[in-house]
Amino acid sequence: MTKDNHSKWHATTILCVRKGDYVVIAGDGQVSMGDTVIKSNAMKVRQLHKGLVISGFAGATADAFTLFERLEAKLDQHPGQLTRACVELAKDWRTDRYLRKLEAMMAVADETVSLIVSGTGDVLEPEDGLIGIGSGGNYALSAARAMIDRDDMTAEKIAKRAIEIASDICVYTNKNIIIEKIKNK
């Protein structure tokens with residue numbers, strides 16, 4: 001992977017936290033090209049499938065929008081089956097000549113499951129309901145793990161604070177945090 005592709009792939013922080021009554025996906029707002037901040041308030045998280053699914057992406061923006069559209073189509077084909085829709089998307093992503101070139105990674109969640117979807121064909125469900133992707137993903141994930149058992153913190157508060165912590169460490173992450181949430185089943 002070239003340095004330019006590396007910076008596109010990793011320059012963001014997305015965190016998924018499942019706790020109590022809610023699952024949230026939070027993302028920072030920074031868009032970087034190399035070592036230059038291009039935008040500070042990008043929306044890297046969104047609701048899909050009539051608000052029943054939330055998702056965040058790390059990677060090239062145009063590629064992520066293509067994947068959001070493809071996932072929406074798979075969710076229409078397999079309503080209420082997020083895992084199956086993601087597996088079908090991952091199959092297409094690996095085998096389709098056009099999709100294979102997309103450089104992005106997604107965190108997706110519905111009321112029952114949280115998943116990481118990648119272009120290598122991976123559809124992974126974390127054991128603890130926490131997902132971190134992007135350049136600051138591991139920092140945010142570590143911070144979230146440290147806070148997850150605190151009774152005074154909701155999923156939303158954990159996600160926000162964890163990304164704030166990541167932004168203090170990762171130069172590709174800022175504190176302009178967007179959060180989407182849905183109620184757990």
Out of 166, 144, 140, sole residue that is under 14 Å from the mean Cα position of the chain (by Cα), touching a residue at least 60 places away in the same chain (Cβ under 8 Å) and under 14 Å from residue 16 (Cβ atoms): 140
Condition met for residue 73 (of a type in the set (A, V, I, L, M) and under 16 Å from the mean Cα position of the chain (by Cα)): no
Residue match in the stretch 62-79 (condition: under 22 Å from residue 144 (Cβ atoms), modelled with pLDDT of 90 or more, part of a loop (DSSP other than H, G, I, E, B) and not polar (S, T, N, Q)): no
Boolean, residue 155 is among the hydrophobic types (A, V, I, L, M, F, W, C), buried (at least 20 other Cβ atoms within 10 Å of the Cβ) and farther than 27 Å from residue 62 by Cβ: yes
Qualifying residue in the stretch 83-91 (condition: aliphatic (A, V, I, L, M), in contact (Cβ under 8 Å) with a residue 60 or more places away in the chain, touching a strand residue (DSSP E or B) at 6+ places or on another chain (Cβ under 7 Å) and surrounded by 15 or more Cβ atoms within 10 Å (Cβ to Cβ)): no
Any hit, the stretch 114-123, residues being at pLDDT 95 or above, within 19 Å of residue 53 (Cα to Cα) and among the charged types (D, E, K, R): no
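The values are calculated or read from the model by the stated rules, or taken from the named source; none is laboratory data. Everything numeric here is computed off the predicted structure, so don't read it as measured data. No Cβ is skipped: glycine too gets one built from the backbone with ideal geometry, and neighbour counts run over all protein chains shown.
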